[in-house]
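Report on the following structure.
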Amino acid sequence: MSEAPVIAVDGPSASGKGTIARRVADELDFHYLESGALYRLVALDSLQRGIVSGESLVQCARQLPVSFHNERILLRDQDVSDAIRSEACGVRASEVARVPEVRKALLQRQRAFRMPPGLVADGRDMGTVVFPDAALKVFLTASPEVRAERRYKQLKDKGIDANLRALSRDLQDRDARDANRPVAPLVPAPDSQVLDSSALSIDEVVERILAWWRERSGGARP
Ligand code: DC
(Lines give C-alpha, C1' and ligand atoms only; values in the text may rest on other atoms or scores of the structure.)
Protein backbone atom coordinates (compact mmCIF):
# COMPACT_ATOMS: atom_id res chain seq x y z
CA MET A 1 0.00 0.00 0.00
CA SER A 2 1.41 3.40 -0.89
CA GLU A 3 1.73 5.86 1.97
CA ALA A 4 -0.70 8.71 2.56
CA PRO A 5 0.33 11.88 0.65
CA VAL A 6 2.08 14.69 2.52
CA ILE A 7 2.07 18.42 1.86
CA ALA A 8 5.14 19.94 3.57
CA VAL A 9 4.99 23.62 4.51
CA ASP A 10 8.33 24.90 5.80
CA GLY A 11 9.53 28.39 6.55
CA PRO A 12 10.97 30.78 9.13
CA SER A 13 9.30 31.90 12.35
CA ALA A 14 6.09 33.87 11.91
CA SER A 15 5.96 33.30 8.15
CA GLY A 16 2.31 32.34 8.64
CA LYS A 17 2.91 28.68 7.93
CA GLY A 18 0.88 27.45 10.93
CA THR A 19 -2.28 29.34 9.96
CA ILE A 20 -1.86 28.45 6.30
CA ALA A 21 -1.07 24.77 6.83
CA ARG A 22 -4.03 24.33 9.16
CA ARG A 23 -6.36 25.95 6.60
CA VAL A 24 -5.05 23.76 3.77
CA ALA A 25 -5.52 20.66 5.95
CA ASP A 26 -9.11 21.72 6.72
CA GLU A 27 -9.88 22.34 3.04
CA LEU A 28 -8.62 18.90 2.03
CA ASP A 29 -9.82 17.08 5.15
CA PHE A 30 -6.22 16.04 5.80
CA HIS A 31 -4.53 15.51 9.16
CA TYR A 32 -2.33 18.31 10.43
CA LEU A 33 1.06 18.25 12.15
CA GLU A 34 2.53 21.36 13.72
CA SER A 35 6.07 20.07 14.29
CA GLY A 36 7.17 23.28 16.04
CA ALA A 37 4.76 22.45 18.87
CA LEU A 38 6.79 19.31 19.62
CA TYR A 39 10.01 21.34 19.96
CA ARG A 40 8.14 23.90 22.07
CA LEU A 41 6.86 21.06 24.30
CA VAL A 42 10.37 19.72 24.84
CA ALA A 43 11.43 23.30 25.65
CA LEU A 44 8.63 23.79 28.17
CA ASP A 45 9.01 20.39 29.79
CA SER A 46 12.77 20.82 30.18
CA LEU A 47 12.35 24.37 31.53
CA GLN A 48 9.77 23.22 34.07
CA ARG A 49 11.98 20.36 35.20
CA GLY A 50 15.17 22.40 35.30
CA ILE A 51 16.84 20.30 32.59
CA VAL A 52 19.39 22.21 30.52
CA SER A 53 21.24 19.77 28.29
CA GLY A 54 22.74 16.31 27.88
CA GLU A 55 21.09 12.91 28.18
CA SER A 56 18.28 14.23 30.42
CA LEU A 57 17.22 16.60 27.63
CA VAL A 58 17.21 13.78 25.08
CA GLN A 59 15.16 11.62 27.49
CA CYS A 60 12.75 14.50 27.82
CA ALA A 61 12.22 14.45 24.02
CA ARG A 62 11.94 10.64 23.92
CA GLN A 63 9.41 10.40 26.71
CA LEU A 64 7.42 13.58 26.14
CA PRO A 65 4.07 12.70 27.80
CA VAL A 66 1.93 14.70 25.40
CA SER A 67 -1.56 14.23 24.04
CA PHE A 68 -3.42 16.29 21.45
CA HIS A 69 -7.14 17.00 21.86
CA ASN A 70 -8.33 19.02 18.87
CA GLU A 71 -6.86 22.47 19.49
CA ARG A 72 -5.70 21.72 23.06
CA ILE A 73 -2.35 20.20 24.00
CA LEU A 74 -1.82 18.37 27.29
CA LEU A 75 1.61 17.78 28.84
CA ARG A 76 1.02 15.15 31.51
CA ASP A 77 -2.40 16.45 32.57
CA GLN A 78 -1.53 20.14 32.30
CA ASP A 79 -3.12 22.15 29.47
CA VAL A 80 -0.10 23.90 27.91
CA SER A 81 -1.74 25.08 24.67
CA ASP A 82 -1.09 28.73 25.55
CA ALA A 83 2.09 28.30 27.62
CA ILE A 84 4.05 26.87 24.67
CA ARG A 85 3.25 29.98 22.58
CA SER A 86 5.35 32.39 24.67
CA GLU A 87 8.41 33.92 23.01
CA ALA A 88 10.60 32.50 25.79
CA CYS A 89 9.39 29.03 24.88
CA GLY A 90 9.99 29.69 21.16
CA VAL A 91 13.55 30.84 21.81
CA ARG A 92 14.25 27.81 24.01
CA ALA A 93 12.63 25.54 21.37
CA SER A 94 15.06 26.82 18.79
CA GLU A 95 17.93 26.00 21.17
CA VAL A 96 16.81 22.44 21.96
CA ALA A 97 16.16 21.93 18.23
CA ARG A 98 19.90 22.27 17.59
CA VAL A 99 20.60 19.02 19.46
CA PRO A 100 20.76 16.17 16.89
CA GLU A 101 19.59 13.49 19.38
CA VAL A 102 16.53 15.60 20.27
CA ARG A 103 15.63 15.84 16.58
CA LYS A 104 16.13 12.08 16.20
CA ALA A 105 13.93 11.38 19.21
CA LEU A 106 11.09 13.38 17.64
CA LEU A 107 11.37 11.87 14.16
CA GLN A 108 9.10 8.83 14.58
CA ARG A 109 6.59 10.86 16.57
CA GLN A 110 6.26 13.22 13.59
CA ARG A 111 6.05 10.46 11.00
CA ALA A 112 3.26 8.79 12.97
CA PHE A 113 0.98 11.68 11.98
CA ARG A 114 1.05 10.46 8.38
CA MET A 115 -2.30 8.75 7.95
CA PRO A 116 -4.92 8.50 5.19
CA PRO A 117 -6.34 10.48 3.55
CA GLY A 118 -3.22 12.69 3.87
CA LEU A 119 -1.19 15.04 6.04
CA VAL A 120 -0.25 18.71 5.96
CA ALA A 121 2.90 19.17 8.06
CA ASP A 122 4.50 22.49 8.93
CA GLY A 123 7.95 23.24 10.34
CA ARG A 124 11.52 23.77 9.23
CA ASP A 125 12.57 20.38 7.85
CA MET A 126 9.33 18.71 6.79
CA GLY A 127 10.32 18.61 3.10
CA THR A 128 14.03 18.01 3.63
CA VAL A 129 14.26 15.45 6.47
CA VAL A 130 10.98 14.25 7.97
CA PHE A 131 8.98 13.71 4.76
CA PRO A 132 11.51 13.89 1.91
CA ASP A 133 8.97 12.08 -0.32
CA ALA A 134 6.26 14.71 0.29
CA ALA A 135 4.03 15.09 -2.79
CA LEU A 136 4.11 18.89 -2.51
CA LYS A 137 6.74 21.00 -0.73
CA VAL A 138 6.12 24.66 -0.05
CA PHE A 139 8.67 27.04 1.45
CA LEU A 140 6.78 30.00 2.84
CA THR A 141 8.62 33.24 3.50
CA ALA A 142 7.77 36.86 4.31
CA SER A 143 9.93 39.91 4.93
CA PRO A 144 11.37 40.24 8.48
CA GLU A 145 9.24 43.37 9.08
CA VAL A 146 6.01 41.65 8.06
CA ARG A 147 6.83 38.62 10.18
CA ALA A 148 7.60 40.71 13.28
CA GLU A 149 4.31 42.60 12.84
CA ARG A 150 2.36 39.37 12.43
CA ARG A 151 3.90 37.77 15.50
CA TYR A 152 3.28 40.95 17.51
CA LYS A 153 -0.38 40.94 16.56
CA GLN A 154 -0.71 37.21 17.21
CA LEU A 155 0.68 37.56 20.75
CA LYS A 156 -1.39 40.67 21.52
CA ASP A 157 -4.55 38.91 20.33
CA LYS A 158 -3.79 36.14 22.78
CA GLY A 159 -3.34 38.69 25.58
CA ILE A 160 0.40 37.99 25.77
CA ASP A 161 2.55 41.06 26.44
CA ALA A 162 4.92 41.86 23.55
CA ASN A 163 7.39 44.49 22.39
CA LEU A 164 7.85 44.90 18.63
CA ARG A 165 11.56 45.79 18.75
CA ALA A 166 12.42 42.89 21.06
CA LEU A 167 10.29 40.54 18.95
CA SER A 168 12.02 41.57 15.78
CA ARG A 169 15.42 40.94 17.39
CA ASP A 170 14.29 37.52 18.72
CA LEU A 171 13.01 36.53 15.28
CA GLN A 172 16.29 37.46 13.61
CA ASP A 173 18.31 35.55 16.22
CA ARG A 174 16.03 32.55 15.87
CA ASP A 175 16.22 32.62 12.04
CA ALA A 176 20.01 32.73 12.21
CA ARG A 177 20.11 29.83 14.68
CA ASP A 178 17.61 27.73 12.70
CA ALA A 179 19.30 28.41 9.34
CA ASN A 180 22.88 27.91 10.48
CA ARG A 181 22.63 24.79 12.61
CA PRO A 182 24.51 21.80 11.24
CA VAL A 183 21.56 19.37 11.50
CA ALA A 184 18.36 19.87 9.48
CA PRO A 185 18.90 23.61 8.95
CA LEU A 186 16.10 25.82 7.70
CA VAL A 187 16.61 25.70 3.93
CA PRO A 188 14.13 25.24 1.10
CA ALA A 189 14.14 21.70 -0.28
CA PRO A 190 15.53 21.82 -3.85
CA ASP A 191 12.17 20.61 -5.16
CA SER A 192 10.08 23.08 -3.15
CA GLN A 193 7.83 25.89 -4.34
CA VAL A 194 9.04 29.10 -2.70
CA LEU A 195 6.23 31.51 -1.87
CA ASP A 196 6.72 35.01 -0.44
CA SER A 197 3.55 35.88 1.44
CA SER A 198 4.52 39.46 2.41
CA ALA A 199 1.97 41.03 0.06
CA LEU A 200 -0.57 38.20 -0.02
CA SER A 201 -3.64 37.57 2.12
CA ILE A 202 -4.12 34.27 3.94
CA ASP A 203 -6.83 33.31 1.44
CA GLU A 204 -4.51 34.01 -1.50
CA VAL A 205 -1.73 31.86 -0.06
CA VAL A 206 -4.12 29.01 0.76
CA GLU A 207 -5.59 29.15 -2.75
CA ARG A 208 -2.13 29.11 -4.35
CA ILE A 209 -1.16 25.99 -2.38
CA LEU A 210 -4.47 24.27 -3.17
CA ALA A 211 -3.94 25.04 -6.86
CA TRP A 212 -0.47 23.44 -6.76
CA TRP A 213 -1.98 20.47 -4.97
CA ARG A 214 -4.70 20.08 -7.60
CA GLU A 215 -2.06 20.13 -10.34
CA ARG A 216 -0.12 17.35 -8.61
CA SER A 217 -3.04 15.22 -7.61
CA GLY A 218 -4.52 15.15 -11.06
CA GLY A 219 -6.85 18.12 -10.88
CA ALA A 220 -9.23 16.78 -8.23
CA ARG A 221 -10.89 19.65 -6.36
CA PRO A 222 -11.06 19.30 -2.58
O1 DC B 1 7.45 26.84 14.25
P2 DC B 1 7.81 27.38 15.61
O3 DC B 1 8.25 28.81 15.59
O4 DC B 1 6.73 27.12 16.61
O5 DC B 1 9.07 26.50 16.08
C6 DC B 1 9.76 26.75 17.27
C7 DC B 1 11.22 26.32 17.10
O8 DC B 1 11.30 24.90 16.93
C9 DC B 1 11.93 26.92 15.89
O10 DC B 1 12.59 28.12 16.20
C11 DC B 1 12.89 25.85 15.47
C12 DC B 1 12.32 24.58 15.99
N13 DC B 1 11.76 23.73 14.94
C14 DC B 1 12.63 22.93 14.25
O15 DC B 1 13.83 22.98 14.47
N16 DC B 1 12.16 22.06 13.31
C17 DC B 1 10.84 21.99 13.04
N18 DC B 1 10.40 21.13 12.13
C19 DC B 1 9.93 22.85 13.72
C20 DC B 1 10.41 23.71 14.66
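Filter segment 65-101 down to the residues that are in contact (Cβ under 8 Å) with a residue 60 or more places away in the chain and either more than 13 Å from the ligand (Cβ to nearest atom) or assigned to a helix (DSSP H, G or I) (or both) and list them by number. I'd like the intermediate steps shown before the answer.
Going residue by residue through segment 65-101, those that are in contact (Cβ under 8 Å) with a residue 60 or more places away in the chain are 82, 85-87, 90-91, 94-95, 97-98, 100.
Across segment 65-101, the qualifying residues are 82, 85, 87, 90, 91, 94, 95, 100.
In segment 71-116, how many residues are of a type in the set (Asp, Glu), within 16 Å of the chain's Cα centre (by Cα) and at pLDDT 95 or above?
Our first condition is that a residue be of a type in the set (Asp, Glu); within segment 71-116, this holds for 71, 77, 79, 82, 87, 95, 101.
Still in the list and also within 16 Å of the chain's Cα centre (by Cα): 71, 82, 87, 95.
Now drop any that are not at pLDDT 95 or above, which leaves none.
Result for segment 71-116: 0.
Determine whether residue 62 is over 21 Å from residue 18 (Cβ atoms), touching a residue at least 40 places away in the same chain (Cβ under 8 Å) and either part of a helix (DSSP H, G or I) or away from the ligand (no atom under 13 Å from the Cβ) (or both).
For residue 62, the condition - over 21 Å from residue 18 (Cβ atoms), touching a residue at least 40 places away in the same chain (Cβ under 8 Å) and either part of a helix (DSSP H, G or I) or away from the ligand (no atom under 13 Å from the Cβ) (or both) - is met.
Which condition number in (1) more than 16 Å from the chain's Cα centre (by Cα); (2) under 30 Å from residue 203 (Cβ atoms); (3) open to solvent by 60 Å² or more (accessible area, probe 1.4 Å) is the one that residue 68 fails?
Evaluating residue 68 over (1) more than 16 Å from the chain's Cα centre (by Cα); (2) under 30 Å from residue 203 (Cβ atoms); (3) open to solvent by 60 Å² or more (accessible area, probe 1.4 Å) leaves (1) as the failure.
Of the residues 128, 141, which is of a type in the set (Ser, Thr, Tyr), touching a residue at least 12 places away in the same chain (Cβ under 8 Å), farther than 22 Å from residue 48 by Cα and buried (at least 20 other Cβ atoms within 10 Å of the Cβ)?
128
Working only within segment 192-205, note down all residues that are in contact (Cβ under 8 Å) with a residue 60 or more places away in the chain and not β-branched (Val, Ile, Thr).
Matches in segment 192-205: 192, 197.
Looking at segment 5-19, which of the residues that are open to solvent by less than 10 Å² (accessible area, probe 1.4 Å) and among the β-branched types (Val, Ile, Thr) is nearest to residue 116 (Cα to Cα)?
6
Taking residue 162 and the conditions (1) small (Gly, Ala, Ser); (2) over 24 Å from residue 81 (Cβ atoms); (3) more than 14 Å from the ligand (Cβ to nearest atom); (4) open to solvent by less than 40 Å² (accessible area, probe 1.4 Å), which numbered condition does it fall short on, given that it satisfies the others?
Exception for residue 162: condition (2).
The values are calculated or read from the model by the stated rules, or taken from the named source; none is laboratory data. Since the model is a prediction, treat every value here as computed from it, not as a measurement. Quick reminder, even Gly has a Cβ in these numbers, built from the backbone with ideal geometry, and neighbours come from all protein chains shown. The area values use the complete protein model at the heavy-atom level, side chains included, leaving out ligands, DNA and RNA. Shrake-Rupley method; radii C 1.70, N 1.55, O 1.52, S 1.80 Å.
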